[in-house]
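A short reminder: the numbers here are calculations on the coordinates, not readings from a lab. Note that the coordinates shown come from a computational prediction; the quantities given were computed from them, not determined experimentally. Ideal geometry is used to build each Cβ from the backbone, glycine not excepted, and the neighbour counts take in all protein chains shown.
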Amino acid sequence: MRAETDSTKPLVTTTQGTVGPAFADDTSSFAKTGRVRGYQGHVAITLFDAAGKQVFHRKVRKEELYSVASRDVVTVSELVPPMFVGVHAPSQTLVFSLDIGIPYSDVWQRCVLVLGFNGQVKRLATSYSSNWDAPDCEPRLLPDGTLLTCEALVSPDGRQVSLVKPKAQLLAAFPLTDSTFYLLYRYGQYRPQLSVDTTETLNEFAITAAFNDPAWAEDPHMKNKPNAFIINRRGNVRKTFRYTGVSGAIGFDVPRFYLPQTHTYYFLMESGGLQTIDKHNAHQVTTIPLARLQTFRKPSKPTEARIVLNNYAFYIDTLRPKQVRYQKLPPRYID
């Protein structure tokens, strides 16, 4: 897996409001034209068999990425090698993820590339359009060939289950098992507002441009509605409930831990309590308020397992998974 840039072949496009004047095609006219410059590039994936013989060599050029990432970001990007996600032999499928970003910045997007064993592109899909709003999700290929792109579930035959809801934002999407998935949303929508500080758009050294700073407006009518869903591969909902505890600065994060001894997922709530999901019974979702947890006192019990979620340490009795002691840790504690 490789990525190459050809500095002899410039690409020019008009910024969509993300790329700043540091990449202007002409700094003197950028404020009027918004034209930015990058260079031709491609990612290359080569497959060899066990004897070292080349099976295929596939190049994906920047122009092919315009459909799944912002054209201005793709244009100025310095492409990086793809990351291997997985292989599914029955459908002869190889899956890769590709990060695309503005150089010297923390503005990134991600897409998913699906190749056949012959090197042909089977699918090119968006994973997320902004790492600042990226859900707690990594593209995954399940044993049966189902692909989680972080915007949809795609079966080997091409059927899709969209994870996008109207007037809602996906905050998390990840497998609980090989056939069930956890989804988390917040309800509302972004509404554009004028940026208070417009100097970034005029500064020729600015890498990104803050033409508008959209503000999230929560839907008050959905404030207490279920926002967490457990679904199967076909998109059928098996359980709905409410979860509060998501955090994150760049991208969203659902603090959680899976304990194999109890086959249970433990999710940290905003209040400091826990929400548990039995891996083998997705209908069994239990909320344990902080007030119901015992304060930890030494010594640890032989049957206890210790997990750390943010600034809490939890001591879980593996013989009785709902018996939990907790310890508040100092801020910025690193285990």
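Structure notes:
- Debye-sum result for segment 255-335 in log10 I(q)/I(0), which assumes one identical scatterer on each alpha carbon, at q = 0.18, 0.21, 0.27 Å⁻¹: -0.70, -0.96, -1.53
- Counting only DSSP H runs of at least 4 residues, each contributing -39500 (n - 2.57), and dividing by the residue count of the chain, the helix-based mean residue ellipticity at 222 nm comes to -500 deg cm²/dmol.
- Of the GluC sites (Glu not before Pro) found in segment 216-312, the ones in coil according to DSSP and having at most 12 other Cβ atoms within 10 Å of their Cβ are 270.
- Taking the chain, the Cys residues with no second Cys beta-carbon under 4.7 angstrom are 111.
- Legend: calculated FRET efficiency, residue 278 to residue 47, from the Cβ-Cβ distance at R0 = 45 Å, rounded to 0.05, equals 0.65.
- Candidates per trypsin sites (Lys or Arg not before Pro) in segment 87-161, loop by DSSP, up to 14 other Cβ within 10 Å: 159
- Packing-based order for 49-59, 165-175, 287-297, using average beta carbon neighbours within 10 Å, highest first: 165-175, 287-297, 49-59
- Highest mean packing first, where packing is the average number of other Cβ atoms within 10 Å per residue, the peptides 36-43, 61-68 line up as 36-43, 61-68.
- With the largest listed first and rounded to whole Å, the semi-axes of the equivalent ellipsoid of segment 9-54 from the Cα gyration tensor are 39, 9, 6.
- GNM top mover of 160, 109, 193 - the chain, alpha-carbon springs below 10 Å: 193
- Of the trypsin sites (Lys or Arg not before Pro) found in segment 205-281, those in coil by DSSP whose Cβ has at most 15 other Cβ atoms within 10 Å are 223, 234, 242.
- With a threshold of 18 Å on the Cα-Cα distance, the over-threshold entries among 59/122; 9/62; 225/279; 239/279; 167/279; 167/223 are 225/279; 167/279.
- In straight-distance terms, cross-link reach from residue 301 covers every one of the aspartates and glutamates whose alpha-carbon lies under 14 Å from its own, apart from those fewer than eight places away in the same chain; here that gives 317.
- Ordered from longest to shortest, the equivalent ellipsoid semi-axes for segment 216-274 are 22, 18, 12 Å, each the square root of 5 times a Cα gyration tensor eigenvalue.
- Computed from Cα atoms alone, the Kirkwood hydrodynamic radius reported for the chain is 22.6 Å.
- Selection among 281, 309, 263 by position relative to the dipole of segment 255-335 gives 309 as farthest towards the positive end (Cβ unit charges, Cα centre).
- All Cα pairs of segment 1-149, percent lying beyond 23 Å: 40
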